[in-house]
Amino acid sequence: MSPVVEALSPEDPFVVCFDVGSRVLKPSGGQQIEKAAAQANRIGPRARLSVEARTDGTEARSYSIDLSADRGSAVKERLVILGVPLKHIQVQAFADSRPLSESNRDDPQNRCATIWLSFAP
């Protein structure tokens, strides 16, 4: 019998926060990535992780796409180190175009990457 895995709803992503202008993972972000990887590894080959990386409105627009892509890559790299197959991870860089906090684009909450868990058919 396979282990019971607590399913995440689409409203409950793992959230990894960053400092202004940084792609360096904070310890709390590392913990979120570890939880996501552990859950994906328990689920097995059907697990898929979608990483959506963002910047907030305070970060220079001239490099916000590159910065959000770098943040997504940092999350992906850690997931792979933790055993998630590279082919099971998709990364999207949104810069500040899809904020988590739409009421305040400068909210530090928007300086993050969200990790969504889904299942392949």
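No value in this document is a laboratory result; all are computed from the given coordinates. The shown structure was predicted, so the numbers you read here are calculated from the model rather than taken from an experiment. So basically every Cβ, Gly included, is an ideal-geometry build from the backbone, and we count neighbours across all protein chains shown.
Annotations
- In summary, E59 fulfils each of the numbered conditions (1) within 15 Å of the chain's Cα centre (by Cα); (2) outside any helix (DSSP H, G or I); (3) surrounded by 15 or more Cβ atoms within 10 Å (Cβ to Cβ) with the single exception of condition (1).
- Counted residues, region 72-87 - those being part of a helix (DSSP H, G or I) and either touching a Lys or Arg at 6+ places or on another chain (Cβ under 7 Å) or among the hydrophobic types (A, V, I, L, M, F, W, C) (or both): 6
- Here the condition is being surrounded by 15 or more Cβ atoms within 10 Å (Cβ to Cβ), assigned to a strand (DSSP E or B) and in contact with a strand residue (DSSP E or B) (Cβ under 7 Å, 6 or more places away or on another chain); of A36, A69, A40, A93, it holds for A93 alone.
- Residues of region 43-56 that are basic (K, R) and either surrounded by 15 or more Cβ atoms within 10 Å (Cβ to Cβ) or out of contact with any strand residue (DSSP E or B) (no Cβ under 8 Å at 6 or more places or on another chain) (or both): R48, R54.
- Region 99-121 - residue that is of a type in the set (A, V, I, L, M, F, W, C) and surrounded by 14 or more Cβ atoms within 10 Å (Cβ to Cβ) and, of those, farthest from C17 (Cα to Cα): L117
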